[in-house]
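This report refers to the structure that appears directly beneath it.
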Amino acid sequence: MRRWRIGAQAAHLAGTIALCAWVVASVVATHAGAYESRPAASEPRISSRADNPEELSDCQIRLQALLTELHQEAFTLQARAVRFGFDPAGEWANWAEAWRWRWQLVAHRCRLDELANQGVSPALDLLAEVHRALSELQVSYTEVVDRFVDRYLDRLRHLNQQLTRARALIAAGRRANPRHARPSPQPVIPSPQPAEPPRDPN
């Protein structure tokens, strides 16, 4: 009876701990989601008339940076994943979350959702179009990264390891046979060019 009671108490304690953990995780997830969807109140916003060229230029620069970062990260991530043993899909997900937050900040800062296609500013209409396209592009790049991981990553890592082993074997052979070592490159001295004959003034 005592052994049964101890087991029941242990099961009850484990269930209580699991329930508490679930509640905490739910609260954290809820707050994180609310924070993710809420723009920064301290971020200054452009004029509602969208008539300040400097403010519009700042919006354009921010969108240009988002585009450049998105493209560069998608492909440099793949190159680094071949050489180093990390999870590119997980790293991309973390990076994309931060990128998405900056993308939302641009919409808030530049009033893209409220002023676009309202006849306020043709430049702002173009910026809003780019902003929407960037969101679609980020989803497409996520598919590119996932496809790279599923189809190519293991094979590329294997090939890279084989090349590393081959390089080590070649280096060992060079040490074992120093007479076959690569000679030091000799400086190339350009040969003098013949002087051009003087032209006949006549």
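The values are calculated or read from the model by the stated rules, or taken from the named source; none is laboratory data. Since this is a predicted model, take the numbers as computed values, not measurements. Every residue, glycine as well, gets a Cβ built from its backbone with ideal geometry; the counts of neighbours run over all protein chains shown.
Can you give me the number of residues within segment 65-108 that are within 30 Å of Val120 (Cβ to Cβ), free of Cβ contacts under 8 Å to residues at least 60 places away in the same chain and aromatic (Phe, Trp, Tyr)?
2
Can you name every residue in segment 110-124 that is assigned to a helix (DSSP H, G or I) and farther than 13 Å from Leu63 by Cβ?
If the condition is that a residue be assigned to a helix (DSSP H, G or I) and farther than 13 Å from Leu63 by Cβ, then Asp113, Glu114, Leu115, Pro122 are the ones that fit.
Given the criteria in contact with a Pro (Cβ under 8 Å, 6 or more places away or on another chain), over 30 Å from Arg155 (Cα atoms) and at pLDDT 90 or above, does Leu127 qualify?
For Leu127, the condition - in contact with a Pro (Cβ under 8 Å, 6 or more places away or on another chain), over 30 Å from Arg155 (Cα atoms) and at pLDDT 90 or above - is not met.
Return the residues of segment 147-177 that are of a type in the set (Ser, Thr, Tyr) and either assigned to a helix (DSSP H, G or I) or over 13 Å from Ala81 (Cα atoms) (or both); say none if nothing qualifies.
Our first condition is that a residue be of a type in the set (Ser, Thr, Tyr); within segment 147-177, this holds for 152, 164.
Across segment 147-177, the qualifying residue is only Thr164.
Among the residues of segment 53-64, write down those that are surrounded by 12 or more Cβ atoms within 10 Å (Cβ to Cβ) and either free of Cβ contacts under 8 Å to residues at least 12 places away in the same chain or of a type in the set (Asp, Glu) (or both).
Glu55, Asp58 - these are the residues of segment 53-64 that are surrounded by 12 or more Cβ atoms within 10 Å (Cβ to Cβ) and either free of Cβ contacts under 8 Å to residues at least 12 places away in the same chain or of a type in the set (Asp, Glu) (or both).
Cβ-Cβ distance below 6 Å, separation of 6 or more or different chains: which pairs start in segment 116-128 with a residue that is among the charged types (D, E, K, R) and end on one that is crowded, with 16+ Cβ neighbours inside 10 Å?
If the second residue must be crowded, with 16+ Cβ neighbours inside 10 Å, the pairs left are Asp125/Ala116.
Out of everything in segment 169-187 that is surrounded by 10 or more Cβ atoms within 10 Å (Cβ to Cβ) and small (Gly, Ala, Ser), what residue ends up being modelled with the lowest pLDDT?
Per the criteria, the residue is Ala181.
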